[in-house]
Amino acid sequence: MSSMLEGVASRVFLSSPRPQCFTFETSVRVLNSKARDVRFFKTSRSRLRQAPKPEETHPTPTRPKSKVYSSADEAVQDLKDGSTVLSAGFGLCGVAQTLIEAIGKRGIKDLTAVSNNAGLGNHGLAHLTKSGQVSRMICSYLGGNKELEKQYLTGKISIELCPQGTLAERIRAGGAGIPAFFTSTGVKTYIQSGQIPIRQEPSEDGSGKSQIIEPGKPRETRIFNNREYLMETAITGDVAILRAHKVDQAGNCQFKFTTKTYAPIMAKAAQISIVEADEIVPIGSIDPDQVDLPGIFIDRIIQATAPKQVEVKKIAPKDDAPSEDSPVQVRRNRIAKRASKELKDGYYVNLGVGIPTLAASFVEPGVHVWLQSENGILGMGPYPASEEEIDPDLINAGKETVTLLPGASTFDSADSFGMIRGGHVDVSILGALQVSASGDLANYMIPGKVFKGMGGAMDLVSNPDQTKIVVATDHTDKNGRSKIVEDCALPLTGKGVVSTIITDLCVFQVDRRKGGLTLTELAEGVTVDDVKAKTDAKFAVAPDVKEMHQ
C-alpha cells in the first residue's frame, strides 16, 4: 500500500459548531485515476447521551417505553450549558415556542442556536437571545430582530451567517451521515473568502470602526465540470426542537404547509429530537402515506401550549378599494409591471421580497405561472381575502400570510433549494443595493451598518446558466446615488449572475460573459441623457430603443 501513496496531508474538518472530541487523522491520495480521495472528518458527540466506554465495540442504544412527556419542562430537563440547539421554523411559522420558553426557564446558557431566523420580540429564538442564553448563532437571516443585530455589532454575540439553502443542506447532510459537500452557492463572495466576521466589537480608538474578534471561515474550493464550488461541512446538534400539526405516540409526524421548512431535516440531524404537537394521537391514527417524518427520528413528544404567531398579517385589497397612487407606489408599480413581462406562460418563478413580489399582480390574463417560495411552496396564491382565511402555518418568504392555488405543493427547505440550485426554476427576480455592469449583484449587507443576512438570495443566483436572474429595483437609492455601478463596492451576493436590470427609468440587458450593459428600453418621458445622468456604470445604447413595456 505504501508504494501507492502519492502524498499525505493532515486535515481536520468540523461537522458541528461544537465538536466534543478532537481527533486528528491523516488523509491519503491513491495513485489510481479511478480511486477516490480519502478524508477523515470530525463529528460531534452529544452532551445528552452517554458516550460508549472505550472497551465497548458496539453501540448500546436505550429507548424509553414512552416518548410522550408530561410537559416541556420535563422534556428539556437534561439539556446542558453549551449545547447546540437546532430550532425549526421560518420566521415565527412553525417555531417550537413551548419548548423555547421551557429552555428559557431552565436558565441554561452558552447555547449555540442553529435556525433560519432569529425570532422577533419575545417569540422564537429572540426569547433566548434577549436573555443572553445564546452565545452563538448559525442562521441565514436576522430579519426584524434589531436587538440581535445590535448585539452582534457591539460584540455581545457570535453570528455565523450562512446562505439559506446551504444551511438547509448542511443540516440535511448531518442527518444523513454525510460530513461535507460542494455547492456553487457563495462562489466569489464573502462566504468563500471568510470575510464576514463571526464576532466583532467596536474599536477602542473611538474611530467608529469594528475590530474582528473571530473572523469568518474561508471555504475550500474545487472545480467540477469547469465550474468552481465551495466545500461546506455538515451541521449536527445535541437537540432539535420542532412543532408539528399531528404526532402519534410512536413519533410519526404530520406538518401543515410551510411549517415543514426545517423541521424534518433538523429532527434527523440531532442526537435528541423533541416535537411539540398541536395534537397527540394514538398509534395507527395517521395513515402511513400521510406521515411526513417517521417516528424513528423523534425521541420526545409534548403537547404544544404556546399560541401560534403571525409575523406579517396580509389581506388582499378589495376590488373596490381605492388604489394608492403616491409617487413611490407609482414608481414601484412601473417596475413591477415591466418585470411581469419576464414571466411567461408555464414558467416556474421565484420572486424576491418587495418590488419583485408585486410583479405577480401584473401578470397578463391567460398567462399562468407557478410561483415558488423558498420556504417551501410551489403554486403560491394571493394574500387571503379576509381575516378568517389567514392560516399562521402558511406564509411566504417575506413572512406574509398567503394562500395556495389548485395544484400547489409544500415541502421542506432541502427540496426547495434543490429546485433552485438545480436550475429547475425558470426565472428569479430580486431586488438590489447595487448591480454592476458585469452582472454582479449586491443585495444583503452594508458592512458596519446593515447586517440582515443573505437569506436565500445567494442560492437563488447560484445557477444563472439555467435560471434567468432579473433585478427589479429603483434606479437610485434614497440619497440619489446610482444603484447601477461599474463595480459593486458592497459585498457580493453573486458574481456575473444578472441578465436583465429593470428600474423605474429603463431596462438594461447584461452581457454576463464579456461584461457590459446595453440600454434597450426607456420609461415614458425618460431620455437617454436622463439615464446617463443617474447611472454610474458605462453602457451602450441599442439602435432600436423601445418604450418600456407596461
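The values are calculated or read from the model by the stated rules, or taken from the named source; none is laboratory data. Computed from a predicted structure; not experimentally measured. For neighbour counting, all protein chains shown are included, and Cβ atoms are generated from backbone atoms with ideal geometry for every residue, glycine included.
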Residues that are assigned to a strand (DSSP E or B), within 27 Å of GLY418 (Cα to Cα) and not hydroxyl-bearing (Ser, Thr, Tyr): does region 353-366 have at least one? no
Could you list, in sequence order, all residues of region 150-183 that are within 26 Å of PRO447 (Cβ to Cβ) and surrounded by fewer than 19 Cβ atoms within 10 Å (Cβ to Cβ)? LYS150, LEU153, THR154, GLY155, LYS156
Residue that is surrounded by the fewest Cβ atoms within 10 Å (Cβ to Cβ) [pool: residues in region 326-347 that are of a type in the set (A, V, I, L, M) and either in contact with a Ser or Thr (Cβ under 6 Å, 6 or more places away or on another chain) or under 18 Å from PHE508 (Cα atoms) (or both)]: ALA336
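Residue by residue, here is whether (1) more than 18 Å from LYS260 (Cβ to Cβ); (2) modelled with pLDDT of 95 or more; (3) surrounded by fewer than 19 Cβ atoms within 10 Å (Cβ to Cβ) holds:
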position	(1), (2), (3)
LYS399	no, no, no
SER409	no, yes, yes
ALA414	no, yes, no
ARG421	yes, yes, no
VAL427	yes, yes, no
ALA432	yes, yes, no
SER438	yes, yes, no
MET445	yes, no, no
LYS449	yes, no, yes
Output the residues belonging to region 502-518 that are among the aliphatic types (A, V, I, L, M) and either over 25 Å from ARG332 (Cβ atoms) or free of Cβ contacts under 8 Å to residues at least 40 places away in the same chain (or both). LEU505
With respect to VAL450, is the statement that it is in contact with an Asp or Glu (Cβ under 9 Å, 6 or more places away or on another chain), of a type in the set (A, V, I, L, M) and more than 24 Å from ALA359 (Cα to Cα) true? yes
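Please enumerate the residues belonging to region 131-159 that are of a type in the set (A, V, I, L, M), within 14 Å of LYS109 (Cα to Cα) and in contact with a Ser or Thr (Cβ under 6 Å, 6 or more places away or on another chain). Walk me through how you get there before you give the answer.
Restricting attention to region 131-159, the residues satisfying the condition of being of a type in the set (A, V, I, L, M) are 134, 137-138, 142, 148, 153, 157, 159.
Restricting the remaining residues to those that are within 14 Å of LYS109 (Cα to Cα) gives 134, 137, 157.
Answer for region 131-159, where residues must be of a type in the set (A, V, I, L, M), within 14 Å of LYS109 (Cα to Cα) and in contact with a Ser or Thr (Cβ under 6 Å, 6 or more places away or on another chain): there is none.
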Mind listing whichever residues of region 125-168 are more than 16 Å from the chain's Cα centre (by Cα) and either on the phi > 0 side of the Ramachandran plot or among the hydroxyl-bearing types (Ser, Thr, Tyr) (or both)? THR129, SER131, GLY132, SER135, TYR152, THR154, GLY155, SER158
What number of residues within region 188-213 satisfy the criterion of being in a strand (DSSP E or B) and surrounded by fewer than 16 Cβ atoms within 10 Å (Cβ to Cβ)? 5
For region 493-536, how many residues are more than 30 Å from THR166 (Cβ to Cβ), aliphatic (A, V, I, L, M) and assigned to a loop (DSSP other than H, G, I, E, B)? 3
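The rows are residues; the columns are (1) outside any strand (DSSP E or B); (2) within 22 Å of VAL450 (Cα to Cα).
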residue: GLY143; (1), (2): yes, yes
residue: TYR152; (1), (2): yes, yes
residue: LYS156; (1), (2): yes, yes
residue: LEU167; (1), (2): yes, yes
residue: ARG170; (1), (2): yes, no
residue: ALA173; (1), (2): yes, no
residue: ILE178; (1), (2): yes, no
residue: PHE182; (1), (2): no, no
residue: GLY186; (1), (2): yes, yes
